[in-house]
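Following this message is one structure expressed as structure tokens.
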Amino acid sequence: MSNVYLGYHFTVEPKELGSEILIALLGEKPFESFIETEHGFSAFIQKEFWKKNILDDIDFLHNIEFSISYTIEEIDQVNWNEEWEKNFEPIDVNGQCHVRATFHPKKDVQFDIIIEPKMSFGTGHHETTHMMIQHLLETDVTNLKTLDMGCGTAILAILAEMKGAKPIDAIDIDNWCFLNSIENAERNNCNQISVYEGDASLLKNKKYDLIIANINRNILLNDMQQYADCLNKNGVLLLSGFYTEDISFIDASCVEKGLTFVKKFERNNWTSLKYVNL
């Protein structure tokens, strides 16, 4: 097997949704690994499996709703840990929650979370994850039956358990996120989190006191009725994954389903909303 790889370094805007879609498309080809970067992600493929026209059939690269560009480089003897480590910095939220990798030193904070994102998104660096952590830090989740929908790395489910939520369901449609969430839950000694691979169809006949959904506008709007149906009386719904200009669409959908707006955070044109089922 060849040790020579080609690295495709993608710049994507909007980053999170565009990267999620593009990684799914590249995953159908012989790309082996994906690493999140500041402005997008890098994808790696062994040179022996590469062909010049490998991206020609990916129409999404030319989608007018996204700005996508990339460069290519040849890499010998890829050290995946090194590639990943140089793109991952620990973060701090409100001096209460520290999100880090295993190779970062532990800080004296109330909630110390160890995440190895690998191909998954949700390290806490993205604005939406950061704001959802803020919501959770301010919310008493003790003994609340919780759903982390579109869990990614399960970072939010892990924090919820650390704050006393139980039991917790974590769901993601992506197989790598499903596997990564299981690993991260074990890594943080969580025993209240059950991870499932799938979509909102898994929510049938389920009930929760707290629903966390950090996905994207279209999926949230599509699945909002199912979230509302699953939310117990006085239950809390935390939403993010969309831009400030999308607030009116999300809010109209929530209000229509009887949910009451409580609070919002905004960060670099991204936003996060909190609702209650009164």
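Can you tell me which residue is nearest to residue 165 (Cα to Cα) among those in region 210-269 that are at pLDDT below 95 and among the β-branched types (Val, Ile, Thr)?
215
Which residue pairs have Cβ atoms closer than 7 Å, lie 6 or more positions apart in sequence or on different chains, and pair a first residue in region 34-56 that is modelled with pLDDT of 85 or more with a second residue that is aliphatic (A, V, I, L, M) and part of a helix (DSSP H, G or I)?
As it stands, the answer is 41/23; 43/26; 55/61, since those pairs meet every condition given.
Being at pLDDT 90 or above and among the β-branched types (Val, Ile, Thr) is true for just one of 4, 93. Which residue is that?
After applying the criteria, what remains is 93.
Just name the residue that is modelled with the highest pLDDT out of those in region 103-125 that are over 27 Å from residue 24 (Cα atoms) and touching an Asp or Glu at 6+ places or on another chain (Cβ under 9 Å).
109
Can you pull out every residue in region 200-215 that is part of a loop (DSSP other than H, G, I, E, B) and either surrounded by 20 or more Cβ atoms within 10 Å (Cβ to Cβ) or under 14 Å from the mean Cα position of the chain (by Cα) (or both)?
Answer for region 200-215, where residues must be part of a loop (DSSP other than H, G, I, E, B) and either surrounded by 20 or more Cβ atoms within 10 Å (Cβ to Cβ) or under 14 Å from the mean Cα position of the chain (by Cα) (or both): just 215.
Is it fair to say residue 177 is part of a loop (DSSP other than H, G, I, E, B), of a type outside the set (Val, Ile, Thr) and more than 24 Å from residue 266 (Cα to Cα)?
Taking the combined requirement at face value, the residue does not satisfy it.
Next question, about the same structure. Using the structure shown, decide if residue 152 is in contact with an Asp or Glu (Cβ under 8 Å, 6 or more places away or on another chain), small (Gly, Ala, Ser) and modelled with pLDDT under 95.
yes
Okay, next question. Look through region 224-246, keep the residues that are touching a Leu at 6+ places or on another chain (Cβ under 9 Å) and exposed (fewer than 14 other Cβ atoms within 10 Å of the Cβ), and return whichever of them is farthest from residue 127 (Cα to Cα).
233
Would you check which residues across region 190-246 are free of Cβ contacts under 8 Å to residues at least 24 places away in the same chain and on the phi > 0 side of the Ramachandran plot and list them?
Passing the criteria: only 205.
I would also like to ask the following. Looking only at region 266-278, how many residues end up being within 18 Å of the chain's Cα centre (by Cα) and outside any loop (DSSP other than H, G, I, E, B)?
Total satisfying the criteria: 7.
I've got another one for you. Can you report the number of residues in region 247-265 which are open to solvent by 20 Å² or more (accessible area, probe 1.4 Å) and either in contact (Cβ under 8 Å) with a residue 12 or more places away in the chain or part of a strand (DSSP E or B) (or both)?
Of the residues in that region, 11 qualify.
Could you say which residue among 188, 184 is among the polar types (S, T, N, Q), within 14 Å of the chain's Cα centre (by Cα) and within 20 Å of residue 164 (Cβ to Cβ)?
Among 188, 184, only 184 is among the polar types (S, T, N, Q), within 14 Å of the chain's Cα centre (by Cα) and within 20 Å of residue 164 (Cβ to Cβ).
Determine whether residue 165 is crowded, with 24+ Cβ neighbours inside 10 Å, under 15 Å from the mean Cα position of the chain (by Cα) and in contact (Cβ under 8 Å) with a residue 12 or more places away in the chain.
For residue 165, the condition - crowded, with 24+ Cβ neighbours inside 10 Å, under 15 Å from the mean Cα position of the chain (by Cα) and in contact (Cβ under 8 Å) with a residue 12 or more places away in the chain - is not met.
Look at region 89-100 and say how many of its residues are surrounded by fewer than 19 Cβ atoms within 10 Å (Cβ to Cβ) and in contact with an Asp or Glu (Cβ under 6 Å, 6 or more places away or on another chain).
Qualifying residue count, region 89-100: 0.
Regarding residue 152, is this residue surrounded by 24 or more Cβ atoms within 10 Å (Cβ to Cβ), on the phi > 0 side of the Ramachandran plot and out of contact with any Pro (no Cβ under 6 Å at 6 or more places or on another chain)?
yes
The values are calculated or read from the model by the stated rules, or taken from the named source; none is laboratory data. Because the structure is predicted, anything quoted here is derived from the model rather than measured. Because the Cβ atoms are built from the backbone with ideal geometry, glycine has one as well, and the counts that use them run over all protein chains shown. Calculation scope for accessible area: heavy atoms of the full protein, side chains included, ligands and nucleic acids excluded. Shrake-Rupley method; radii C 1.70, N 1.55, O 1.52, S 1.80 Å.
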